[in-house]
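Let me begin by presenting the structure, written as structure tokens, before commenting on it.
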Amino acid sequence: MFKAKIFVSSIRNLLSHPQFEHQQWRGIVKVRLKWVKNRSLDHVIDTDTDLKAACLLKDAIKRSPTGFLTAKSFADWQKLLGLTVPVLRFLRRYPTLFEEFPHARYVNLPCFRLTGTALLLDSQEQSIHQAHENDTIERLSKVLMMMRSRTAPLQSLHSLKWDLGLPDNFEKVLIPKYPDHFSFVKAPTGVSALRLKRWREEFAVSALEKSNEGEEMGDEYRQFKRGQTTLAFPMNFPRGYGAQKKVRAWMEEFQKLPYISPYEDSRHIDPNSELMEKRAVGVLHEFLSLTIHKKTKRNYLRSLREELNIPHKFTRLFTRYPGIFYLSLKCKTTTVALKEGYRRGKLVNPHPLVRLRHKFYHVMRTGLLYRGKGANLIPREDILLKDMENRMEDKEEEGGDYDDDDDEDEEYEEIETGDEYDEETSDVED
């Protein structure tokens, strides 16, 4: 791509400039900030935890040779799914998705299969995967292009498949269709991995660069390509931060540093420099931009830390730059979200797969109303989905969200953002 070649040339010009060398070696300024709890984003993360668990269970039932799962088979999946309640209790909450019936041989053994509504939603999901397959391939390619070796462990990609919008069993149903793009390899650690076979220059443009290619930012972007200026990250500070002179001055200096594309080789940059910190912020910004929910778990990033060439204590970047990222501690895990991706608790430009998941969540919520009332009282899938679509349209017309909490209330807690704090070190994910 011509634009990408101009960009690479401008970066090389910057690297050889004396002023750039001075900026690269400047020490990182320590600014004491307060961690701000955002109730609206926390609620999104809380909701998506149950939604993700239900989607993963739907996929597990669909994969089962028998077409159902027994209570014994998923007895130890609670941590795997990130749930705070036993899986059996969770499944019984949503009779609109999961139908319970006794085992043919062991009458006291509960079994669960998908309802007609769940099967219809799954069919719609597969149609979306097929219609947007090129987009999925581009997204996966860009993730691998950010890796040092253009390789990522399959286990890490499996953990990220829901966030990246990859189909279930993507290594069997998607990757074999593109032998010229990807190959399966053994990583130096011995684990199975996916490798990008060839560099895709047309994909080597970050979300930040794309957002500055519009008409309003045309002049600034053209100057950036000539190496005369840099690109600024969108900032959305919590209340009170913008008025702090020290924070404002710090952010202005940060924005003036050259923007290094996450697809550019960073081995020449001093790892302890301020520039490397900005480059790491750019990598995390791009990675979150590639997720369809604009968020992921911190530990999923940790498993790729060395390949992404980001600092060991990269969590401090999320708290040092609260205008770009939001760090949540909901659901007994650590999740990071890209703030520009949300407005009043809603995704700004939701992917079609996200819209379908909103339907899935509505069916889940409806199931709570029919819990314990008998399967014969649950509306037929056509009536249920029609009612759901009508309610979602009403919500959009009112400017509301699909949930009940759209509160932007914030709670402040002071922490030293230059230090990493202890948190869980591993998440089990399907």
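Applying both filters, DSSP loop and at most 15 other Cβ atoms within 10 Å, to the trypsin sites (Lys or Arg not before Pro) of the range 133-168 gives Arg148.
The gain in end-to-end length when the Trp199 to Asn349 segment is fully stretched comes to 51.2 nm, 0.36 nm per residue minus the alpha carbon separation. Couplings 3J(HN,Hα) for the range 170-180, derived from phi with the Karplus relation 6.51 cos²θ - 1.76 cosθ + 1.60 (θ = phi - 60°), are 4, 5, 9, 9, 10, 4, x, 6, 10, x, 7 Hz, where x marks Gly and Pro. In percent, rounded to a whole number, the relative contact order of the range 206-346 is 23, using alpha-carbon pairs under 8 Å and six or more apart. Here the gap between Arg248 and Ser64, fully extended at 0.36 nm per residue and compared with their Cα-Cα distance, gives a gain of 60.7 nm.
In percent, rounded to a whole number, the relative contact order of the range 278-339 is 37, using alpha-carbon pairs under 8 Å and six or more apart.
Compute the distance from the alpha-carbon center of the range 65-135 to that of the range 338-371, in whole Å. Value for the Cα centre distance between the two parts: 19 Å.
Under a 5 Å amide H cut-off, with hydrogens placed 1.01 Å from N, Phe182 pairs with Lys197 among residues at least 5 apart or on other chains.
Loop-resident trypsin sites (Lys or Arg not before Pro) (DSSP state other than H, G, I, E or B) in the range 251-341 with no more than 13 further Cβ atoms inside 10 Å of their Cβ: Arg267, Lys313.
Which of the pairs Lys52/Lys210; Lys172/Lys295; Lys246/Lys297; Lys62/Lys177; Lys52/Lys330; Lys142/Lys197 have their Cα atoms more than 19 Å apart in this structure?
Lys52/Lys210; Lys172/Lys295; Lys246/Lys297; Lys62/Lys177
Here the accessible area of the range 119-200 is 52 percent carbon and sulfur, with a 1.4 angstrom probe and all protein chains present. Proximity of backbone amide H atoms, modeled 1.01 Å from N, is registered between Lys37 and Glu411, Tyr412, Glu413 at under 5 Å, excluding neighbours fewer than 5 places apart on the same chain. Highest mean packing comes first when the peptides 45-57, 72-84 are listed by Cβ atoms within 10 Å, giving 45-57, 72-84.
The values are calculated or read from the model by the stated rules, or taken from the named source; none is laboratory data. Being a predicted model, the structure only gives us computed values, none of them experimental. We place every Cβ from the backbone using ideal geometry, glycine too, and count neighbours over all the protein chains shown. Calculation scope for accessible area: heavy atoms of the full protein, side chains included, ligands and nucleic acids excluded. Shrake-Rupley method; radii C 1.70, N 1.55, O 1.52, S 1.80 Å.
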